[in-house]
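Visitor: The structure is given below, and queries will be raised subsequently.
What follows draws every value from the coordinates through simple rules; no lab data is involved. As the structure is a prediction and not an experimental result, all values here were calculated from the model. Every residue, glycine as well, gets a Cβ built from its backbone with ideal geometry; the counts of neighbours run over all protein chains shown.
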Amino acid sequence: AFAKYNLAACIKGGLELQGYAVGAPLPPQAPLPPEGVEEVRQALIAIGAL
């Protein structure tokens with residue numbers, strides 16, 4: 001996921017999945033699309049962080 005999407009979106013998406021309300025990345029960076037959220041979710045599950 002980190003190679004496909006911007007770093008801020010991946011980190012913020014991962015924190016949101018873990019229950020932290022961090023908000024969206026600041027422009028010009030875009031938030032993760034739904035498929036990106038799922039990729040980050042699977043990565044966090046794989047390392048035992050979710």
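Visitor: Going through the range 1-20 one residue at a time, which ones are farther than 10 Å from residue 37 by Cα and small (Gly, Ala, Ser)?
Guide: Of everything in the range 1-20, those that are farther than 10 Å from residue 37 by Cα and small (Gly, Ala, Ser) turn out to be 3, 8, 19.
Visitor: Another one. Please verify whether the range 32-47 includes one or more residues that are in contact with a helix residue (DSSP H, G or I) (Cβ under 9 Å, 6 or more places away or on another chain) and touching a residue at least 40 places away in the same chain (Cβ under 8 Å).
Guide: Looking for residues that are in contact with a helix residue (DSSP H, G or I) (Cβ under 9 Å, 6 or more places away or on another chain) and touching a residue at least 40 places away in the same chain (Cβ under 8 Å), one finds at least one in the range 32-47, hence yes.
Visitor: How many of the residues in the range 41-50 are surrounded by fewer than 14 Cβ atoms within 10 Å (Cβ to Cβ), in a helix (DSSP H, G or I) and not β-branched (Val, Ile, Thr)?
Guide: Residues in the range 41-50 being surrounded by fewer than 14 Cβ atoms within 10 Å (Cβ to Cβ), in a helix (DSSP H, G or I) and not β-branched (Val, Ile, Thr): 2 in total.
Visitor: Out of all the residues in the range 24-34, which are loosely packed, with under 11 Cβ neighbours inside 10 Å and either within 11 Å of the chain's Cα centre (by Cα) or among the aromatic types (Phe, Trp, Tyr) (or both)? Give the derivation first.
Guide: We begin by selecting, within the range 24-34, every residue loosely packed, with under 11 Cβ neighbours inside 10 Å; these are 26-28, 34.
Within the range 24-34, just 34 meets the criteria.
Visitor: Does residue 20 qualify as being of a type in the set (Ser, Thr, Tyr) and surrounded by fewer than 17 Cβ atoms within 10 Å (Cβ to Cβ)?
Guide: Numbers: of a type in the set (Ser, Thr, Tyr): yes; surrounded by fewer than 17 Cβ atoms within 10 Å (Cβ to Cβ): yes.
Here the answer is yes, as residue 20 does meet what is asked.
Visitor: For the range 1-14, give me the residue count where each residue is assigned to a helix (DSSP H, G or I) and among the hydroxyl-bearing types (Ser, Thr, Tyr).
Guide: Of all residues in the range 1-14, those assigned to a helix (DSSP H, G or I) come to 7-14.
Restricting the remaining residues to those that are among the hydroxyl-bearing types (Ser, Thr, Tyr) gives none.
Total meeting the criteria: 0.
Visitor: Take the range 15-40 and flag every residue that is among the aliphatic types (A, V, I, L, M) and not in a loop (DSSP other than H, G, I, E, B).
Guide: We begin by selecting, within the range 15-40, every residue among the aliphatic types (A, V, I, L, M); these are 15, 17, 21-22, 24, 26, 30, 32, 37, 40.
Matches in the range 15-40: 15, 17, 37, 40.
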